[in-house]
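Note sheet for the following structure.
Coordinate-derived values only; no laboratory data. Values in this document were obtained by computation on a predicted structure and should not be read as measured data. Every residue, glycine as well, gets a Cβ built from its backbone with ideal geometry; the counts of neighbours run over all protein chains shown.
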Amino acid sequence: MRKTLIVAQSEFATLVRSKAFVISVVLMPVVMIASIVLVRATKDATDSKDRTFAFVDYSGVVAEPLKSVAGLYNAATPESGEGGLTRKGPRFIPLEVKPAGRIPEELRLELSDRVRTAELFAFVEFPANIVDPAGGAQIRYYSDHPSYSALPQWLKMTVNAVVLNERFRQASVDRALFVRLTKTAPLEELGLFERAGDGGVTAAQEVDAARAYGVPVAVLMLMYITVMSSAPQLLNSVIEEEKMSRISEVLIGSVSPFQLMMGKLIGGVATSTLLAAIYIVGGLAVAEYWGGYASAVTPAILGWFLLFLVMSIFIFGSLFVAIGAACNDLKDSQSMMTPVMVLVMIPMFTWASVLRAPDGTLATVLSLIPTAAPFLMMLRISLQPGPPLWQIIASVVLMALTTTLVVWAAGKIFRTGLLMQGKSATIAEMLRWVAVK
Amino acid sequence: MPDAITLTGVTKRFNGIVAVDDLSLSVPVGSIYGFIGPNGSGKTTTLRMIMHILLPDHGDIEVLGSRDTAAARDRVGYLPEERGLYKKMTIRRLLRYYARLKGGTKAGIDAAIEDWMARMDLPGLLDRQIETLSKGMSQKVQFVAAVVCNPSLLILDEPFSGLDPVNAQVLKDAVLEIRRRGTTVVFSTHDMSTAERMCDRIFMIFRGRKVLDGSLESIQDQYGADTVRVRTAKGAAALAGIPDIDAVNDFGQMQEVRVTGDPQAFLARLAERTAVYHFEVTRPSLQDIFVRIAKP
């Protein structure tokens with residue numbers, strides 16, 4: 001054990017001095033803060049370029065109201081809206097085009113050419129039967145900027161408001177009265193009432209989406225980032241140092257291969273725990289500052305997080321270490337890593353389903369799978385009311401058994417592969433090494 | 001004298017190919033023991049089995065009185081053929097790490113590191129990163145890593161290969177110093193003159209089997225005084241056609257001749273052909289014996 005800890009200590013010292021760790025600790029928060037600052041700084045930045053569009057009104061009822069609303073909209077500012085309107089983006093300048101007896105195809109071609117020469121930004125057609133609810137009419141919007149959505153959205157909203165007004169007018173119905181009569185009752189989501197310590201009753205609190213969903217997802221992502229920052233480092237370390245730098249034989253002259261592997265794994269666990277601790281402390285401080293969310297991360301959640309983190313580093317770290325020992329260089333290891341990466345990615349593909357129904361069958365089954373449990377069971381634990389205790393214990397037991405099995409198998413691959421030079425092993429060879437007594 | 005290493009009937013196969021075949025060997029405590037043999041003959045495999053890096057398929061290995069070669073590992077220093085150092089570490093950190101794995105304590109380690117670095121002509125470099133060192137420096141640092149814990153047994157696989165004469169001499173002096181302190185030294189080499197001059201006993205392995213084992217004198221005795229060194233006016237050309245010549249090793253200015261008959265009769269025939277400046281009846285060199293055994 002003493003030698004294992006010496007290897008672990010050296011591995012830890014090497015990993016925390018590595019560029020990858022420094023980048024994980026320093027650069028990632030810097031990037032996150034920079035992105036928040038950038039989003040805030042650019043949030044109010046306006047796209048001030050006017051968008052001139054042509055429209056052809058075959059109905060005869062849209063043109064004038066549209067021009068009128070556009071006039072009000074273009075005169076509005078973010079601070080002082082004109083006619084109840086506010087505007088942050090560019091002005092939308094309508095330009096009416098009369099068909100004047102031209103056939104629609106010819107007119108469309110002509111307008112398309114004007115868009116191509118940048119005289120117009122887009123053009124739009126309002127069909128003759130647009131007011132008829134049973135007519136199935138469509139507003140047709142033509143542009144060579146398919147990714148620009150502000151103008152088509154504005155048109156959809158504005159023209160439909162115009163059309164609705166016209167329909168109410170034709171039906172002789174007071175639209176303001178209709179709106180009042182059809183007003184819906186909002187639904188407020190609340191937690192549960194609780195009996196307070198003094199015997200009184202604590203009222204239910206309004207459900208806070210950030211607390212209910214944001215914190216659990218943050219816990220899931222933290223687990224993922226921590227595991228992915230630490231476990232693959234072990235593969236790099238084995239290939240670049242023990243294998244390519246031929247250090248393995250020197251070390252195996254002093255420690256057993258299993259001691260060496262366990263030392264590396266423990267070093268990896270210590271590194272990832274340090275990384276997680278830094279992120280947790282930083283994350284809790286930020287969460288508390290922005291909305292008092294730190295209390296959502298209970299000591300129980302932190303305890304389970306640590307346990308799942310340790311076991312996941314042992315599982316994924318063993319797999320990466322075994323691959324590293326069996327491969328001759330980093331290039332060869334890429335193809336071997338694919339199956340492991342698939343295991344890591346499965347929780348990333350399925351966590352949204354678990355979030356929607358954390359007590360459903362899919363969530364229960366997925367969170368019991370040992371390679372997915374560190375991510376999905378942690379997500380379920382962080383979501384209220386949390387899974388039954390027996391499910392958490394079952395996932396821990398399954399993970400512990402899997403960890404033991406994987407570490408044992410990886411130890412056998414590591415022992416044989418470490419001194420092998422010249423060519424990388426195949427998966428079949430690795431399985432044979434595991435089977436050898 | 002007790003033995004530092006005892007191998008009894010040791011066999012090792014790789015994928016059915018015999019690398020070491022029924023090998024028995026005893027290395028006396030305090031000796032310098034040379035392992036020689038052609039490439040692929042089983043030297044490194046034997047050393048790795050002694051180090052418990054490989055396990056024998058058959059036979060017993062006893063190291064420093066222990067049948068559990070792993071248990072003796074802390075008292076054995078090892079310089080493998082494949083040199084390996086952590087490039088990003090400083091020399092100090094690396095040597096401390098290797099020494100701690102051998103059971104060294106911090107205080108003892110640091111003093112020994114300073115001492116050995118000075119002996120290796122590497123003073124003041126302890127805080128240099130390994131990747132900044134030359135090949136010779138790296139090899140000397142690797143040697144220090146093997147000896148810094150004052151091992152009872154030191155195993156060196158090709159310790160002098162790739163070194164310039166100055167660094168090779170520094171390392172040879174260090175090996176002799178280690179032996180003076182009581183450490184048993186086993187090293188493999190392809191340099192026969194080094195083996196002749198440094199080793200108390202020499203062991204040769206060929207195709208996995210032991211073919212020589214003993215002191216240089218006893219090995220040479222097995223081959224008798226059948227070698228003649230001559231320097232003549234006509235050089236190697238003067239030897240053509242002389243009967244009773246088994247082999248000629250031509251060094252240009254001098255020829256080493258293995259004769260099957262009477263050396264004096266050979267001298268008489270040679271003197272009839274050319275002027276003889278030097279004539280010496282001697283025992284075969286280790287180089288000659290090696291070639292005789294390993295020549296295809």
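With the condition being under 32 Å from the mean Cα position of the chain (by Cα) and β-branched (Val, Ile, Thr), I'd like the helices (runs of 4 or more DSSP H) fully within region B:203-296 carrying at least 1 qualifying residues.
Working: elements: B:216-223, B:263-273, B:286-294.
Qualifying helices (runs of 4 or more DSSP H): B:216-223, B:286-294.
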For region A:232-244: of the residues being of a type in the set (A, V, I, L, M, F, W, C) and in contact with a Ser or Thr (Cβ under 8 Å, 6 or more places away or on another chain), which is nearest to A:Phe349 (Cα to Cα)? A:Leu235
Anything in region A:162-184 that is under 30 Å from A:Arg51 (Cβ atoms), of a type outside the set (D, E, K, R) and in contact (Cβ under 8 Å) with a residue 24 or more places away in the chain? List them, or say none. A:Val162, A:Val163, A:Asn165
Within region A:14-38, track down each residue that is aliphatic (A, V, I, L, M), touching a residue at least 40 places away in the same chain (Cβ under 8 Å) and within 14 Å of chain B (Cβ to nearest Cβ). A:Leu15, A:Val16, A:Ala20
Which is assigned to a helix (DSSP H, G or I) and without any contact (Cβ under 8 Å) to a residue 24 or more places away in the chain, of B:Ala145, B:Ala111? B:Ala111
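Select, from A:Ala270, A:Ala231, the only residue that is surrounded by 24 or more Cβ atoms within 10 Å (Cβ to Cβ) and either closer than 16 Å to A:Ile313 by Cα or within 14 Å of another protein chain (Cβ to nearest Cβ) (or both). Reasoning before the result, please.
Numbers: A:Ala270 fails: surrounded by 24 or more Cβ atoms within 10 Å (Cβ to Cβ).
When all the criteria are applied, what remains is A:Ala231.
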Looking at B:Glu256, B:Glu217, B:Glu280, B:Glu272 in this structure, which one is exposed (fewer than 13 other Cβ atoms within 10 Å of the Cβ) and in contact (Cβ under 8 Å) with a residue 24 or more places away in the chain? B:Glu280
So which residues in region B:93-110 are small (Gly, Ala, Ser) and either under 16 Å from A:Thr4 (Cα atoms) or within 8 Å of another protein chain (Cβ to nearest Cβ) (or both), if there are any at all? B:Ala99, B:Gly103, B:Gly104
Could you check region B:220-242 and list, in sequence order, the residues that are out of contact with any Phe, Trp or Tyr (no Cβ under 8 Å at 6 or more places or on another chain) and free of Cβ contacts under 8 Å to residues at least 40 places away in the same chain? B:Gln222, B:Gly235, B:Ala236, B:Ala237, B:Ala238, B:Leu239, B:Ala240, B:Gly241
Looking at (1) in a helix (DSSP H, G or I); (2) on the phi > 0 side of the Ramachandran plot, can you tell me which one A:Gly386 breaks? (1)
Residues of region B:44-79 being away from chain A (no Cβ under 12 Å), closer than 22 Å to B:Gly182 by Cβ and in a loop (DSSP other than H, G, I, E, B), in sequence order, are B:Leu64, B:Gly65
How about region B:80-92: which of its residues are buried (at least 24 other Cβ atoms within 10 Å of the Cβ) and either free of Cβ contacts under 8 Å to residues at least 40 places away in the same chain or more than 8 Å from every other protein chain (Cβ to nearest Cβ) (or both)? B:Ile91
Return a yes/no flag: does region A:356-372 have any residue that is surrounded by fewer than 22 Cβ atoms within 10 Å (Cβ to Cβ), closer than 30 Å to A:Val255 by Cα, among the β-branched types (Val, Ile, Thr) and free of Cβ contacts under 8 Å to residues at least 12 places away in the same chain. no
For region A:115-128, indicate whether the set of residues that are under 30 Å from A:Ala171 (Cβ atoms), in contact with a Ser or Thr (Cβ under 6 Å, 6 or more places away or on another chain) and not polar (S, T, N, Q) is non-empty. yes
State all residues of region A:245-267 that are closer than 14 Å to A:Val321 by Cα and facing chain B (nearest Cβ under 10 Å); if no residue qualifies, say none. A:Ser248, A:Pro257, A:Gln259, A:Leu260, A:Gly263
Restricted to region B:29-66, and to residues that are among the polar types (S, T, N, Q) and touching a Leu at 6+ places or on another chain (Cβ under 7 Å), which residue is surrounded by the fewest Cβ atoms within 10 Å (Cβ to Cβ)? B:Thr45
State whether the residues of region A:39-56 include one that is charged (D, E, K, R), farther than 23 Å from A:Tyr148 by Cβ and away from chain B (no Cβ under 14 Å). yes
Which residue, of B:Ile178, B:Ile245, B:Ile205, is in contact with a Leu (Cβ under 9 Å, 6 or more places away or on another chain) and free of Cβ contacts under 8 Å to residues at least 24 places away in the same chain? B:Ile245
Residue count, region B:157-175 (criterion: in contact (Cβ under 8 Å) with a residue 40 or more places away in the chain, farther than 13 Å from B:Arg119 by Cα and in contact with a helix residue (DSSP H, G or I) (Cβ under 7 Å, 6 or more places away or on another chain)): 2
Name the residues in region A:105-133 that are touching a residue at least 24 places away in the same chain (Cβ under 8 Å), assigned to a helix (DSSP H, G or I) and farther than 18 Å from A:Pro146 by Cβ, would you? A:Leu107
